[in-house]
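The values are calculated or read from the model by the stated rules, or taken from the named source; none is laboratory data. Since this is a predicted model, take the numbers as computed values, not measurements. Ideal geometry is used to build each Cβ from the backbone, glycine not excepted, and the neighbour counts take in all protein chains shown.
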């Protein structure tokens, strides 16, 4: 059952990892409105962003429904999952509705960035995660049904996002009440930024889901379950890094607006040093103790070779190094370049998976992810970061004194 759920979860992960809806441009524009205490400007861009997320949500629902009506589950997941076709089909319909709604209500979290209220996103998100864990324990004890697991894992997150949006609008009612006009040009700008952001963010996460989907079509549910457990370890610690660094890019955008180059230099040194040390420690922890943790949590049937966990620890280190560079460049509004780098990395991974589809294994897939993520997300993004630092960073006259 876990392998079936792990395979089915690749579909919502393709959408959620892209963070579809609205990009960082909304945060930049709202920050300008906050600095100038311009509520009409804030309301204008919020309305434009809301139009974007509603359009994207409807588009996802329509395309997904058409695909599910025309195709069967075994076409998506492969012949090894043909016996679970009915459950997978029902699960995909439920997930499709939840994902479409999540895209729409995600505007609350994105607006928080412009208001420098990332901590509230973390509070609502952490509360939703805690409730999810508690409900999963209850479901696993009572009736580990696939549909119930889907509703708990994805439905609770939707409720948390809705609560976040309602809390935002209650605290700032002018976002809906203020009179605005001529938002079509703003919609176009936000939509362009959202597409670039979705490409840059999505292709990073899609690599993992493509690896699981390819392994499932080649081998079957058992190996997919093993790979999903391994990647969940990296995601658990990676989620902590993402949560802690979430306020960084709005702060960078604010510092750039103030031309505070000295503060940006200090921030990068501290961010790079602390992130690298944390990633090294966690990587060693995963490599040395990951196998013990998996056997304790999932049982001896999920015993895996030690090299899997050391490769996973190395992948986590590379992921963190790439993430902090991505966050830095996003604060400098370099979404076009980040999207291009993500496309190149995804294409390289896809080419490897296609070229060796008859020889796929967990060890091979982890090696591919490590090599490509280091080459593109670390090396190329570091080269771009240095270019921004040397040629495009705003100059702060106070730093000369």
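Tell me the residue from 66, 21 that is in the same structural domain as residue 156 (by TED's automatic domain parsing), surrounded by fewer than 21 Cβ atoms within 10 Å (Cβ to Cβ) and either modelled with pLDDT under 85 or within 27 Å of residue 336 (Cβ to Cβ) (or both), please.
Details: 21 fails: surrounded by fewer than 21 Cβ atoms within 10 Å (Cβ to Cβ).
Matching residue, one of 66, 21: 66.
Do you know which of the residues in segment 234-259 that are in a helix (DSSP H, G or I) and out of contact with any helix residue (DSSP H, G or I) (no Cβ under 8 Å at 6 or more places or on another chain) is nearest to residue 32 (Cα to Cα)?
Let us first name the residues in segment 234-259 that are in a helix (DSSP H, G or I), namely 234-245, 248-257.
Now drop any that are not out of contact with any helix residue (DSSP H, G or I) (no Cβ under 8 Å at 6 or more places or on another chain), which leaves 235-236, 239-240, 244.
On the way: 235: 33, 236: 34, 239: 29, 240: 28, 244: 23 Å.
Checked segment 234-259; the qualifying residue nearest to residue 32 (Cα to Cα) is 244.
Between 282, 224, which is at pLDDT 85 or above, buried (at least 18 other Cβ atoms within 10 Å of the Cβ) and in contact with a helix residue (DSSP H, G or I) (Cβ under 9 Å, 6 or more places away or on another chain)?
Values: 224 fails: at pLDDT 85 or above.
Unique residue meeting the criteria: 282.
Is it true that residue 159 is touching a residue at least 24 places away in the same chain (Cβ under 8 Å) and either within 30 Å of residue 333 (Cβ to Cβ) or in contact with a helix residue (DSSP H, G or I) (Cβ under 9 Å, 6 or more places away or on another chain) (or both)? Break it down stepwise before answering.
Values: touching a residue at least 24 places away in the same chain (Cβ under 8 Å): yes; either within 30 Å of residue 333 (Cβ to Cβ) or in contact with a helix residue (DSSP H, G or I) (Cβ under 9 Å, 6 or more places away or on another chain) (or both): yes.
Criteria met by residue 159.
Which residues, taken from segment 264-279, are buried (at least 17 other Cβ atoms within 10 Å of the Cβ) and either over 30 Å from residue 302 (Cα atoms) or in contact with a strand residue (DSSP E or B) (Cβ under 7 Å, 6 or more places away or on another chain) (or both)?
Of everything in segment 264-279, those that are buried (at least 17 other Cβ atoms within 10 Å of the Cβ) and either over 30 Å from residue 302 (Cα atoms) or in contact with a strand residue (DSSP E or B) (Cβ under 7 Å, 6 or more places away or on another chain) (or both) turn out to be 264, 267, 268, 271, 275.
Given the conditions (1) touching a helix residue (DSSP H, G or I) at 6+ places or on another chain (Cβ under 7 Å); (2) surrounded by fewer than 16 Cβ atoms within 10 Å (Cβ to Cβ); (3) without any contact (Cβ under 8 Å) to a residue 24 or more places away in the chain, which single one is not true for residue 352?
(2)
Could you tell me which of the residues 97, 108, 91 is in a helix (DSSP H, G or I), more than 18 Å from the chain's Cα centre (by Cα) and buried (at least 20 other Cβ atoms within 10 Å of the Cβ)?
Working: 97 fails: buried (at least 20 other Cβ atoms within 10 Å of the Cβ); 108 fails: more than 18 Å from the chain's Cα centre (by Cα).
Criteria check complete, one pass: 91.
With respect to residue 156, determine if the residue is modelled with pLDDT of 85 or more and either part of a loop (DSSP other than H, G, I, E, B) or surrounded by 19 or more Cβ atoms within 10 Å (Cβ to Cβ) (or both).
Working: modelled with pLDDT of 85 or more: yes; either part of a loop (DSSP other than H, G, I, E, B) or surrounded by 19 or more Cβ atoms within 10 Å (Cβ to Cβ) (or both): yes.
In short, yes.
Which is surrounded by fewer than 20 Cβ atoms within 10 Å (Cβ to Cβ), part of a helix (DSSP H, G or I) and over 16 Å from the mean Cα position of the chain (by Cα), of 149, 166? Can you show your working first?
On the way: 149 fails: surrounded by fewer than 20 Cβ atoms within 10 Å (Cβ to Cβ).
Answer to the selection: 166.
May I ask you to say which residue of 210, 231, 176 is in contact with a helix residue (DSSP H, G or I) (Cβ under 6 Å, 6 or more places away or on another chain) and assigned to a helix (DSSP H, G or I)? Give the steps one after another, and end with the answer.
On the way: 210 fails: in contact with a helix residue (DSSP H, G or I) (Cβ under 6 Å, 6 or more places away or on another chain); 176 fails: in contact with a helix residue (DSSP H, G or I) (Cβ under 6 Å, 6 or more places away or on another chain).
Every option except 231 fails the conditions.
Kindly evaluate residue 198 against the criterion of being in a helix (DSSP H, G or I), at pLDDT below 85 and crowded, with 18+ Cβ neighbours inside 10 Å.
Details: in a helix (DSSP H, G or I): yes; at pLDDT below 85: yes; crowded, with 18+ Cβ neighbours inside 10 Å: yes.
Taking the combined requirement at face value, the residue satisfies it.
Just one of (1) at pLDDT below 90; (2) part of a helix (DSSP H, G or I); (3) surrounded by fewer than 15 Cβ atoms within 10 Å (Cβ to Cβ) trips up residue 113, so point out which.
That leaves (3) as the condition not met.
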